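The structure appears right after this line, and notes come after that.
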Amino acid sequence: MAYASWSVVFGEQPSAAKWNILGTNDASFNDGTGIFGLYKNLLAVDSNPYKFRVYRNAALNTTSGSGTVLPFDTENFDTNNNVDTTTNKGRYTAPVAGFYQFSAAYTLTSSAGFVIIYLYKNGSQYAQGTNWLLTSASGASAIYSGIVQSAANDYWEIAYYVDGVRAFNVGATAGAYFSGHLVSRT
């Protein structure tokens, strides 16, 4: 079914044919065929099946230097099974082309020094989040949040730079996580 245009004028009693068009249009909006540009496969239960959040649960010390991928090993949720927490830990593979919102952070248990967070696309730096030069040993955090355009099968990872060996703050409520969702298809 698809939407069919129809009209009535003030005071007109619609004919049976016009009432049938109205009924058909109503049914086409209910099943999604009368809504221009809507992906019908997203109508079922959830309008966006592509969302995830992973975090680092196991103890982990940083390595000194730039571009080390942070291996997230535990899922809070991954509604379409697009995050690898086994082989390429923390790697999110985009299932469809579109715009995605990603957020990530990590916290070190104690740090006086320089920290940076990066978003990697297909193994190369795509964006940089916060960078901090900390002078106390009270802990350091780095945060990334942004919207990106992705092709289907592009993969995304979080990497870090730390100027020394330090311990990550880990666990479900701690600050070592990576999350994202599809905003819209392209």
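The values are calculated or read from the model by the stated rules, or taken from the named source; none is laboratory data. For clarity, every value in this text was computed on a predicted model and none was experimentally measured. All Cβ positions, even for glycine, are placed from backbone atoms using ideal geometry, and neighbour counts span all protein chains on display. When the accessible area is computed, the model is the full protein with side chains, heavy atoms only, and any ligands, DNA or RNA have been set aside. Shrake-Rupley method; radii C 1.70, N 1.55, O 1.52, S 1.80 Å.
Residue-level analysis places Asn82 outside the set of residues that are of a type outside the set (Phe, Trp, Tyr), surrounded by fewer than 17 Cβ atoms within 10 Å (Cβ to Cβ) and either in contact (Cβ under 8 Å) with a residue 24 or more places away in the chain or touching a helix residue (DSSP H, G or I) at 6+ places or on another chain (Cβ under 8 Å) (or both).
Ser124 - would you say it is farther than 18 Å from Tyr155 by Cβ and open to solvent by 40 Å² or more (accessible area, probe 1.4 Å)? Quick ask: steps written out before the conclusion?
On the way: farther than 18 Å from Tyr155 by Cβ: no; open to solvent by 40 Å² or more (accessible area, probe 1.4 Å): yes.
Spelling it out, it is not the case that Ser124 is farther than 18 Å from Tyr155 by Cβ and open to solvent by 40 Å² or more (accessible area, probe 1.4 Å).
Residues that are buried (at least 16 other Cβ atoms within 10 Å of the Cβ) and of a type in the set (A, V, I, L, M, F, W, C) within segment 145-158 comprise Val148, Trp156, Ile158, listed in sequence order. Being over 18 Å from Gln101 (Cβ atoms), of a type outside the set (A, V, I, L, M, F, W, C), open to solvent by less than 20 Å² (accessible area, probe 1.4 Å) and at pLDDT 90 or above is not true of Tyr118. Among the residues of segment 159-182, those identified as at pLDDT below 95, in a strand (DSSP E or B) and either loosely packed, with under 15 Cβ neighbours inside 10 Å or among the aliphatic types (A, V, I, L, M) (or both) are Val162, Ala167, Ala176. Tallying residues that are open to solvent by 30 Å² or more (accessible area, probe 1.4 Å), modelled with pLDDT of 70 or more and of a type in the set (D, E, K, R) within segment 17-73 yields 4. For Tyr92, the conditions (1) open to solvent by 50 Å² or more (accessible area, probe 1.4 Å); (2) under 11 Å from the mean Cα position of the chain (by Cα) all hold with the exception of (1).
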